[in-house]
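The next block holds one structure in the form of structure tokens; read it before the comments.
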Amino acid sequence: MRSLILGASLGLTLFSPAQEPGQEGTSPKQALTQFQRDHAGDWVVQWHAATGTPSAIYGQGIPLDGWRENTLEAARGFA
């Protein structure tokens with residue numbers, strides 16, 4: 001069991017997306033402020049107490065290029 005957890009953790013580490021260039025030193029609050037500037041509207045943010053980062057952001061949504069149908073399969077393709 002221990003090796004399974006270790007293997008899963010390693011796999012997640014290897015496939016985690018890297019930060020975009022220029023984001024080094026950006027605090028979560030600064031990133032949220034930029035997100036709100038880029039995507040106008042009312043956004044509700046739930047903060048993760050242990051990490052000080054947003055754990056969920058709810059709002060009106062963001063337009064997706066190429067979105068053609070409102071189905072679960074289409075949403076999974078964008079996820």
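The values are calculated or read from the model by the stated rules, or taken from the named source; none is laboratory data. Computed from a prediction, not measured in an experiment: that's the story for all the values here. Neighbour counts are summed over all protein chains in view; Cβ atoms, including those assigned to glycine, are modelled from backbone coordinates with ideal geometry. Note: accessible area is taken over every heavy atom of the protein model, side chains too, but ligands, DNA and RNA are not part of it. Shrake-Rupley method; radii C 1.70, N 1.55, O 1.52, S 1.80 Å.
Ranked from the most accessible area to the least, with a 1.4 Å probe and all protein chains present, what is the order of 43, 67?
Per-residue accessible area, sorted high to low, gives 67, 43.
At a Förster distance of 22 Å, what's the computed FRET efficiency of residue 78 paired with residue 57, Cβ-Cβ distance as r, to 0.05?
According to the calculation, E is roughly 0.85.
Given labels modelled 7 Å from the Cα in the Cβ direction, how far is it in nm from residue 70 to residue 27?
If labels sit at residue 70 and residue 27, their model points lie 3.9 nm apart.
With all protein chains present, calculate the accessible area of residue 72 using a 1.4 Å probe and round the result to the nearest 10 Å².
The value for residue 72 is about 100 Å².
Would you mind computing, in nm to one decimal, how far apart the modelled labels at residue 50 and residue 37 are, each placed 7 Å from Cα along Cα→Cβ?
3.2
Starting from the amide H of residue 47, placed 1.01 Å from N in the peptide plane, find each other amide H under 5 Å away whose residue is 5 or more places distant or on another chain.
The answer is 55.
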